[in-house]
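The numbers here are math on the coordinates, done by the rules we state, and not lab data. Computed from a prediction, not measured in an experiment: that's the story for all the values here. Every residue, glycine among them, receives a Cβ derived from its backbone with ideal geometry; neighbour counts consider all protein chains shown.
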Amino acid sequence: MRLAHRFAMENDLIRADCIESTEFPDLAVQYRVYAVPRTVINGSAAIEGAMPEGLMLDAILKTLEPAEDSNG
Amino acid sequence: MGLIRDEDATEIRQRLTAMTDPVTLIHFTQELNLEYGREARQLVEELAGLSDKLTVEVHNFLLEKETANEYGIDKVPATVVRNGKDYGIRFYGLPAGYEFVTLLDAIVNVSQSDSGLEAVNKEKLSKITQPLHLEVFVTPT
């Protein structure tokens, strides 16, 4: 199972889409999908490639940091 | 002609015996999306025929806007994998090739209400306090 889907099961705030890029070319262009898998986070940051669950989760959490630490 | 070959059907049936609770595939289609839309619908319907615990609910994206909004669906074909609870798991497009295996895994995990993640990662995920939307782009290889 895609890690993103597994992640979504653990927290109601998380939703995970698996998108067939050739069927949604406009979206693929918008998110600059040149290689797959490409994981786009909240429509902005992105992680390319597949990796073990711990590394993937840490990489995702890292992209959230600025928002969570905005007050300090 | 069926999209799922007989020899594959046997293997899929076997795999789906790992299911515990019933799972529903909420599928959104639209007649305008002929190239892939029809195949995607046929695939989920054939798949649902391989387990008593798996059902498909088909909605028309254009005519059933309210249901589409309820599930946050903004493009089709789309498939929601859920049990009594909607975990936020969506597939957009035809889940063929490797993504078909991903779909089977999602069905089994949702059926068991268990992500199968390591405990340490489950804990990290439980601490997320802001909305997180993951869009994983794939190709049918």
**Message:** Looking at the calculated P(r) for segment B:46-120, what percent of the C-alpha pair distances fall above 15 Å?
**Reply:** 60 percent
**Asked** Magnitude of the Cβ-charge dipole of segment B:24-131, K/R +1 and D/E -1, about the Cα centre, nearest 20 debye?
**Response** 340 debye
**Request:** Work out from phi, with θ = phi - 60° and the Karplus expression 6.51 cos²θ - 1.76 cosθ + 1.60, the ³J(HN,Hα) of each residue of segment B:117-124, listed in order in whole Hz, and give x for Gly and Pro.
**Result:** 6, 5, 4, 4, 6, 4, 5, 4
**Request:** Quick one, can you get me the convex hull of the C-alpha atoms of chain B expressed as volume per residue in Å³?
**Result:** 129 Å³
**Prompt:** What does the average come to when, for each residue of peptide B:92-98, you count the partner chain Cβ atoms lying within 10 Å of its Cβ?
**Reply:** 3
**Request:** For residue A:45 paired with residue B:101, estimate the spin-label separation in nm (one decimal), with each label point 7 Å from Cα along the Cα-to-Cβ line.
**Result:** 2.9 nm
**Request:** Could you sort out which of B:53/B:122; B:75/B:124; B:53/B:85 sit more than 21 Å apart by Cα distance in this structure?
**Result:** B:53/B:122; B:75/B:124
**Message:** As a test of the formula, what do you get for the protein assembly as shown when each DSSP H run with n ≥ 4 contributes -39,500 (n - 2.57) and the sum is divided by the residue count, at 222 nm and rounded to the nearest 500 deg cm²/dmol?
**Reply:** -11500 deg cm²/dmol
**Request:** Compute the acute angle (0 to 90°) between the alpha-carbon long axis of helix A:53-68 and the principal axis of greatest extent of the alpha-carbon atoms of chain A; round to the nearest 10°.
**Result:** 70 degrees
**Request:** Shielding by partners for B:82-88, please: the mean number of other protein chain Cβ atoms within 10 Å of each residue's Cβ.
**Result:** 4
**Prompt:** Farthest toward the dipole's positive end in the protein assembly as shown, which of B:77, A:25, B:62, given Cβ charges of +1 (Lys, Arg) and -1 (Asp, Glu) about the Cα centre?
**Reply:** A:25
**Fill in**
Sorting A:4, A:35, A:46 by the position of each Cα along the dipole of segment A:3-68 (Lys, Arg +1; Asp, Glu -1; all at Cβ), the one nearest the positive end of that ordering is A:35
**Request:** Sticking with the crude label model, points 7 Å out along Cα→Cβ, report the distance from residue B:46 to residue B:112 in nm, one decimal please.
**Result:** 2.7 nm
**Prompt:** With charges only on Cβ, +1 for K and R and -1 for D and E, what is the dipole size of the protein assembly as shown about its Cα centre, in debye, rounded to 20?
**Reply:** 220 debye
**Prompt:** Tell me, what is the Rg over Rh of segment A:3-68, with Rh the Kirkwood radius over Cα pairs?
**Reply:** 0.95
**Fewest-first ranking of A:31, B:87, B:71, using other Cβ atoms within 10 Å as the exposure measure** = B:71, A:31, B:87
**Asked** Out of B:94, B:10, B:115, whose Cα points farthest toward the positive end of the dipole of chain B (charges: +1 Lys, Arg; -1 Asp, Glu; placed on Cβ)?
**Response** B:115
**Request:** Please work out the Kirkwood hydrodynamic radius for the protein assembly as shown, using every pair of different C-alpha atoms, and report it in angstroms with one decimal place.
**Result:** 17.6 Å
